[in-house]
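The values are calculated or read from the model by the stated rules, or taken from the named source; none is laboratory data. Given the structure is predicted, the values throughout are model-derived calculations rather than measurements. Cβ coordinates were reconstructed from backbone atoms using ideal geometry, including for glycine residues, and neighbour counts include every protein chain displayed. Accessible surface areas use protein heavy atoms only, side chains included; no ligands, DNA or RNA. Shrake-Rupley method; radii C 1.70, N 1.55, O 1.52, S 1.80 Å.
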Amino acid sequence: MEKLQTNPPIPEELLVRGVEDTLMQNIFNSYATSWLSKTFAEARVAGTQPNWLGDGIWHDLQAYWNSDEFKAKSAKNKVNRVANPVAASTVYRGGSSSVGMHNRKLEAQLGRPPNRMEVFADCYKKKADGTWSGKRAEEVVKTYQKLLEERVSQPASGEVGSSDGTSSIVQEDQLWTESVGGRKRGRVFGIGSDALMSDAAQPWTTEAR
């Protein structure tokens with residue numbers, strides 16, 4: 001039987017410097033889960049067994065994919081996508097690079113850490129015309145900008161505003177998570193697995209202009 005050749009490079013996010021072992025394990029588990037899900041989906045559609053997967057497990061997977069349980073779950077997910085076209089219509093435009101990779105690329109280009117909006121735009125704007133890749137992306141941006149303006153005009157305790165009130169240091173991750181409706185399965189839309197590092201990392205800052 002022909003087997004699917006898969007030799008993916010190690011994601012740069014796994015090469016984290018100076019983090020706790022538990023955080024590293026969480027990041028690894030998240031990326032491994034995402035990669036396995038994508039690989040199994042491709043194998044199921046192609047009907048091709050990955051070269052690293054044992055015959056016994058492959059046969060078990062095929063049996064599950066042909067089961068009434070899986071078919072019912074797949075049909076339910078399809079209905080949910082149709083019922084929520086806003087979420088389904090938003091397409092990631094970052095290619096094979098993760099959000100974290102785009103973050104580091106922008107940091108090198110800008111000479112400073114990029115803010116969440118800059119990274120989100122790099123990952124969810126169409127390269128051809130600069131428009132957002134879907135309704136959800138547009139709604140998230142509007143919600144985030146509104147929350148940011150409110151926070152800047154009325155700084156919360158512990159946040160520092162300038163003397164003229166035009167800028168304020170805010171916790172971007174907190175605002176962003178609120179803008180997208182919170183975490184789902186440990187992930188945050190527009191941040192992905194990078195959300196796993198939020199608790200251990202220093203809060204990102206931004207300036208309102």
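Assorted remarks:
- Cβ-Cβ contacts under 6 Å between residues 6 or more apart (or on different chains), taken from a first residue in the stretch 110-138 that is free of Cβ contacts under 8 Å to residues at least 60 places away in the same chain and farther than 14 Å from SER179 by Cβ to a second residue that is part of a helix (DSSP H, G or I) and of a type in the set (Val, Ile, Thr), are listed as LYS135/VAL86.
- Within the stretch 146-186, being surrounded by fewer than 16 Cβ atoms within 10 Å (Cβ to Cβ), at pLDDT 75 or above and within 23 Å of ASN103 (Cβ to Cβ) holds for GLN174, GLU178, GLY181, GLY182, ARG183, LYS184.
- Residue within the stretch 193-209 that is open to solvent by 20 Å² or more (accessible area, probe 1.4 Å), at pLDDT 75 or above and of a type in the set (S, T, N, Q) present: no
- In the set ALA87, ALA63, ALA41, ALA32, only one residue is loosely packed, with under 12 Cβ neighbours inside 10 Å, of a type in the set (A, V, I, L, M) and either within 26 Å of LYS184 (Cα to Cα) or modelled with pLDDT under 85 (or both); that residue is ALA41.
- The stretch 62-81 residues that are hydrophobic (A, V, I, L, M, F, W, C), paired with ones that are open to solvent by 100 Å² or more (accessible area, probe 1.4 Å) (beta carbon under 7 Å, 6 or more apart): TRP65/ARG44
- Conditions (1) open to solvent by less than 70 Å² (accessible area, probe 1.4 Å); (2) modelled with pLDDT of 80 or more; number of the one not met by LYS76: (1)
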